[in-house]
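What follows is a short report on a single structure.
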Amino acid sequence: MRRPHDFHGGIYPLERKELSNQREIRRAKISRQLVLPISQHIGPPAKVTVSTGDRVLGGQRLTDLSGLPVHAPTSGTITAIEDRPIPHVSGMLGRCIVLDTDGEDTWIDLDPVADYRGADPQKLIDRLFEAGIAGLGGAGFPAARKLPRAGGNGPETLIINGTECEPYITADDLLMREQAHRIVEGIDILAHIAEPKEVLIGIEDNKPEAIAAMKQAVGDRDHWEVVVFPTKYPSGGEKQLIEILTGKQVPSGGLPAHIGILCQNVGTAVAVRDAIVDGRPLVSRVTTVTGESATDRGNFDVLLGTPMRDLLEQADYQPTKPQRLVMGGPMMGFTMPSDECPIVKTTNCLLVPGKGELADPAAAQACIRCGMCAEACPAELLPQQLYWFARSKDLERLEEHHLFDCIECGACSYVCPSRIPLVQYYRASKAAVREHQAETMKAEQARERFEARQERMERLAAEKEAKRAARKRAAMAKAADKTDGEDPIKAAIERAQAKKAAQMAAGASANDDVEKRKKIEARLSKAREKLAADDGSDPTITAALQKAVATTEQKLAELPEPSAADSADSSGADAQRQKIEVRLSKAREKLAADDGSNPTVTAALEKAVATTEAKLDALAGKDEAVS
Amino acid sequence: MELLTGSPFSAALLAMLGLGALFGCILGYASIRFRAEGNPIADQINAILPQTQCGQCGYPGCRPYAEAIVAGEPINKCPPGGEAGIQALADLLDVEPIPLDAEHGEEAETAVAFIIEEDCIGCTKCIQACPVDAILGAAKQMHTVISDECTGCDLCVEPCPVDCIEMRPLPKTLANWHWDLPVAGLSDVSQIIATDRPNEGRSNEDRAA
């Protein structure tokens, strides 16, 4: 027999469980209209795959698997997909699928797993996700996400939470009393998937019938144990229950998985059983209806999406004015914005307190530093310090004092003699810290983007500048070329002079050519001699010599014949002179034949004669210059 | 050696000079080896500034303003940072916090730019104005704001020739909803821990009544 441990702090509020645990679980009537919020769990919602007007059957999936799916709890017609009041602390609207039921409750063909013991654990985990199972204890974390992935390290211990420590709520109590065998079947499946070394079922000692039923259902399974421990709030908190059962503490900021523990609620175990053994997705849950404003209190097996008002009516709801409607218990529950809100996967209790049943809020007094909150805190925090930091918005020190280990159980507010709403401060501060972190991240991102842009602009400017400079250089080079030969005419004259000088030099170079020719001829004769002397013993040498002779001959051929070039040049000049003289004599003849009838013709002829004479003179001058 | 023992004054002088040279070398080495890039205090100030890059302070971006603060500029010229930002700067620089200089604008709720797309003519003027490249588009194509990247600086509003950009506050959604701090010392029904807001759980009949 395992000896339960204790955890720090905790409180003993009035339990009042007897209000609702006197009757068996009743099946709630199917409402005319069901409202199914697409987000009933922690995490992103899935996409809706049905549209208005679609007829759906019970158990049909209404969303895809991009988030935890939602199923039709019964058959009917989709009449709207719109924003409706949902059970959320903000009182805001949320996207819902509205299903008008037809009362026939026709179901799709279910696809159960015949023998889960032979099935692949990963397939079973996928099944649980497809069945839309969120933790039914209250937080609504997708159950499949907690289970170990294939190949990963499985947990040492599987803890089944049947604590139900919050006052008023009896849903798990009744479930354990009436359906212990189904719970155990569900635990069998979870144990098959997670393969823990031991299974611990934790129940508070205020539920003797449930304990007896569970012990009987567990039977003589090895390494299974139903652990009973004293009633204290909040022993049903995951971290608190782990400490009670194992003595281990979940490290700050860590998860139970980090110390080899997997925790699931008894209601979740039943949902797991239904999903695998029956193939039934999660479309209903057991919800407690309690509080003095309902006279026929008790637990109901109710379809998800049922408007709270419909369920309350079945418990003979007699609202007082004003009437509070709380979802959850008096410690952690919150007031609903409207009784039209639907029952969702996390609705474990509807509390409709009568007049004076719950303490009215009193004005918060100044903190007297009594320290009772620190004694009550099950997470061993310093609520009073956190309160001061929250008021001064000192986010850094809030985090240093482990604000995020607060489980928001409300024990500190419960014991506070000054009635300070401490948890409210912590909730707001958590949001402020998260918001600050998000803002810091966004600012960091903006800074990076700004700097990247700055850098890009500078780079572009530099590139532009470089291009401009290159263009400028090119333009300057062009301008410099122009200044060299400022005047094209002058440049032409210069070019002509240079050409002339080259021609002048040609005479001198002719001598050079002769010498070169002599040299090459000498080299050629030498090479020929060598080739003749060669005995042909080495073919490469012979080839080299032959090549040398060939190249030398080629060079000789390339050398210009100086005398021939000179004579060609002078003969060209003579030819020109003769041509011009012919033209001149022709022009003179024409001028002589002209009758003077047309003065412009005469003038043109005279001009032609003059230019030709001038050309002839120029040629003569050139000849003189050459000689 | 004799000189040193014989004249204690010169010995002391030499010792001091020697030590001076030694430490000078060490300091000189350290100043090169452990050189800090940029101005570290400007970096710290820049980390506090909201990086909106709106230029309301009169400087072209948060970093230039951070550098200006180092050079002695007052710390109350940043409206997006607001009083909290001034407080953080005052803490960092150990100066008295001063109220926000209204000349540079007032602290406003964070908003993001929104382009009314049917009016957009695709002039790209807003794209050029955006300091964080949060506007997407091309010439003669419709532009749109990447609202996750928008800092709400509203620099794009003014250049738009057809006034199709407006600043819209971020909508409150279930995803970004959060609790507010209770008002201290006030007996407010929203302050009790478990069952806040008793009057909102009323039924339709109550509301009709």
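Of the candidates B:E83, B:E73, the single residue that is acidic (D, E), without any contact (Cβ under 8 Å) to a residue 40 or more places away in the chain and away from chain A (no Cβ under 14 Å) is B:E73.
Counting just the residues of the stretch A:334-345 that are touching a residue at least 40 places away in the same chain (Cβ under 8 Å) and crowded, with 22+ Cβ neighbours inside 10 Å, which one comes out nearest to the other protein chains (Cβ to nearest Cβ)?
Our first condition is that a residue be touching a residue at least 40 places away in the same chain (Cβ under 8 Å); within the stretch A:334-345, this holds for A:334, A:336-338, A:340-345.
From what's left, crowded, with 22+ Cβ neighbours inside 10 Å: A:336, A:341-345.
On the way: A:M336: 5, A:C341: 9, A:P342: 15, A:I343: 15, A:V344: 13, A:K345: 16 Å.
Ranking the qualifying residues of the stretch A:334-345, first place goes to A:M336.
I'm checking my understanding of the structure. Among residues of the stretch A:407-439 that are of a type in the set (V, I, T) and in a helix (DSSP H, G or I), which one is farthest from the chain's Cα centre (by Cα)? Write out each step before concluding.
Of all residues in the stretch A:407-439, those of a type in the set (V, I, T) come to A:407, A:415, A:420, A:423, A:433.
Among the residues that remain, those that are also in a helix (DSSP H, G or I) are: A:415, A:423, A:433.
On the way: A:V415: 44, A:V423: 33, A:V433: 22 Å.
Here the residue is A:V415.
Would you point out the residue of the stretch A:413-448, among those that are of a type in the set (A, V, I, L, M, F, W, C) and without any contact (Cβ under 8 Å) to a residue 24 or more places away in the chain, that is farthest from the other protein chains (Cβ to nearest Cβ)? Out of the qualifying residues, it is A:M441. Among the residues of the stretch A:288-317, which ones are in contact with a Leu (Cβ under 7 Å, 6 or more places away or on another chain), among the polar types (S, T, N, Q) and within 14 Å of A:D339 (Cβ to Cβ)? Answer for the stretch A:288-317, where residues must be in contact with a Leu (Cβ under 7 Å, 6 or more places away or on another chain), among the polar types (S, T, N, Q) and within 14 Å of A:D339 (Cβ to Cβ): just A:T306. Annotation note: of A:P337, A:P353, A:P322, the sole residue that is under 27 Å from A:E435 (Cβ atoms) and not in a helix (DSSP H, G or I) is A:P337. Please tell me if B:E106 is at pLDDT below 85, under 30 Å from A:F389 (Cβ atoms) and exposed (fewer than 12 other Cβ atoms within 10 Å of the Cβ). When the stated conditions are applied, B:E106 passes them. When residues in the stretch B:164-195 are screened for being touching a Pro at 6+ places or on another chain (Cβ under 8 Å) and either at the interface with chain A (Cβ under 7 Å from one of its Cβ atoms) or at pLDDT 80 or above (or both), 8 of them pass. When A:N21 is tested against (1) over 30 Å from A:P167 (Cβ atoms); (2) over 27 Å from the mean Cα position of the chain (by Cα), just one condition goes unmet, and that condition is (1). Among the residues of the stretch A:289-311, those identified as surrounded by 24 or more Cβ atoms within 10 Å (Cβ to Cβ) and in a helix (DSSP H, G or I) are A:M308, A:L311. Would you check if there is a residue in the stretch A:393-406 being over 27 Å from the mean Cα position of the chain (by Cα), under 28 Å from A:D360 (Cβ atoms), within 13 Å of another protein chain (Cβ to nearest Cβ) and surrounded by fewer than 24 Cβ atoms within 10 Å (Cβ to Cβ)? Within the stretch A:393-406, one or more residues are over 27 Å from the mean Cα position of the chain (by Cα), under 28 Å from A:D360 (Cβ atoms), within 13 Å of another protein chain (Cβ to nearest Cβ) and surrounded by fewer than 24 Cβ atoms within 10 Å (Cβ to Cβ). Annotation note: of A:K321, A:K355, the sole residue that is without any contact (Cβ under 8 Å) to a residue 12 or more places away in the chain, in contact with an Asp or Glu (Cβ under 9 Å, 6 or more places away or on another chain) and within 13 Å of chain B (Cβ to nearest Cβ) is A:K321.
Only one of B:A47, B:A68 is hydrophobic (A, V, I, L, M, F, W, C) and over 12 Å from the mean Cα position of the chain (by Cα). Can you tell me which? Full working, then the answer.
Numbers: B:A47 fails: over 12 Å from the mean Cα position of the chain (by Cα).
Exactly one of B:A47, B:A68 is hydrophobic (A, V, I, L, M, F, W, C) and over 12 Å from the mean Cα position of the chain (by Cα), namely B:A68.
Here's the yes/no breakdown for (1) touching a Pro at 6+ places or on another chain (Cβ under 6 Å); (2) farther than 30 Å from A:V433 by Cβ; (3) within 14 Å of chain A (Cβ to nearest Cβ):
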position	(1), (2), (3)
B:E118	no, yes, no
B:P131	no, no, yes
B:I135	no, yes, yes
B:I146	no, no, yes
B:P161	no, yes, no
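Tallying residues that are without any contact (Cβ under 8 Å) to a residue 24 or more places away in the chain and part of a loop (DSSP other than H, G, I, E, B) within the stretch A:2-53 yields 4.
Of the residues making up the stretch B:10-63, those that are assigned to a helix (DSSP H, G or I) and either within 14 Å of chain A (Cβ to nearest Cβ) or closer than 27 Å to A:Q445 by Cα (or both) number 11.
You will find that of A:L128, A:L200, the residue that is more than 14 Å from A:T268 (Cα to Cα), crowded, with 23+ Cβ neighbours inside 10 Å and touching a residue at least 24 places away in the same chain (Cβ under 8 Å) is A:L200 and no other.
Do we have any residue at all in the stretch A:280-288 that's in a helix (DSSP H, G or I) and away from chain B (no Cβ under 14 Å)? Break it down into steps so the answer makes sense when it comes.
Start the filter on the stretch A:280-288 by keeping residues that are in a helix (DSSP H, G or I), which leaves none.
The answer is no; no qualifying residue exists.
The set of residues from the stretch A:90-107 being within 10 Å of B:L174 (Cβ to Cβ) and surrounded by fewer than 19 Cβ atoms within 10 Å (Cβ to Cβ) comprises A:S90, A:M92, A:L93, A:R95. Of the set (1) more than 26 Å from the chain's Cα centre (by Cα); (2) among the small types (G, A, S); (3) modelled with pLDDT under 90, all apply to A:G162 but (3). Taken over the stretch A:87-121, the criterion of being of a type in the set (S, T, N, Q) and modelled with pLDDT of 90 or more is satisfied by A:T101, A:T106. Summed over the stretch B:83-103, the residues that are outside any loop (DSSP other than H, G, I, E, B), surrounded by 15 or more Cβ atoms within 10 Å (Cβ to Cβ) and not aliphatic (A, V, I, L, M) give a count of 2.
Return a yes/no flag: does the stretch A:255-267 have any residue that is surrounded by fewer than 19 Cβ atoms within 10 Å (Cβ to Cβ) and not in a helix (DSSP H, G or I).
For the stretch A:255-267, residues surrounded by fewer than 19 Cβ atoms within 10 Å (Cβ to Cβ) and not in a helix (DSSP H, G or I): present.
A single entry from A:R26, A:R3 fulfils the requirement of being among the basic types (K, R) and exposed (fewer than 14 other Cβ atoms within 10 Å of the Cβ): A:R3.
Looking across the stretch B:115-139, the residues that are touching a Ser or Thr at 6+ places or on another chain (Cβ under 9 Å) and surrounded by fewer than 16 Cβ atoms within 10 Å (Cβ to Cβ) come down to B:E117, B:L136, B:A138, B:A139.
Of all the residues in the stretch A:219-254, those that are outside any helix (DSSP H, G or I) and of a type in the set (S, T, N, Q) number 4.
A:A625 meets each of the listed conditions (1) modelled with pLDDT of 75 or more; (2) under 30 Å from A:M504 (Cβ atoms); (3) surrounded by fewer than 14 Cβ atoms within 10 Å (Cβ to Cβ) apart from (1). Any residue at all in the stretch A:360-367 that's surrounded by 20 or more Cβ atoms within 10 Å (Cβ to Cβ) and at the interface with another protein chain (Cβ under 7 Å from one of its Cβ atoms)? Yes, the stretch A:360-367 has at least one match. Taking the stretch A:398-422 as the range and being among the hydrophobic types (A, V, I, L, M, F, W, C) and farther than 19 Å from A:A359 by Cβ as the test, the residues that pass are A:L398, A:L403, A:F404, A:C406, A:I407.
The values are calculated or read from the model by the stated rules, or taken from the named source; none is laboratory data. Keep in mind that what you see is a predicted model, and the values were worked out from it rather than measured. Quick reminder, even Gly has a Cβ in these numbers, built from the backbone with ideal geometry, and neighbours come from all protein chains shown.
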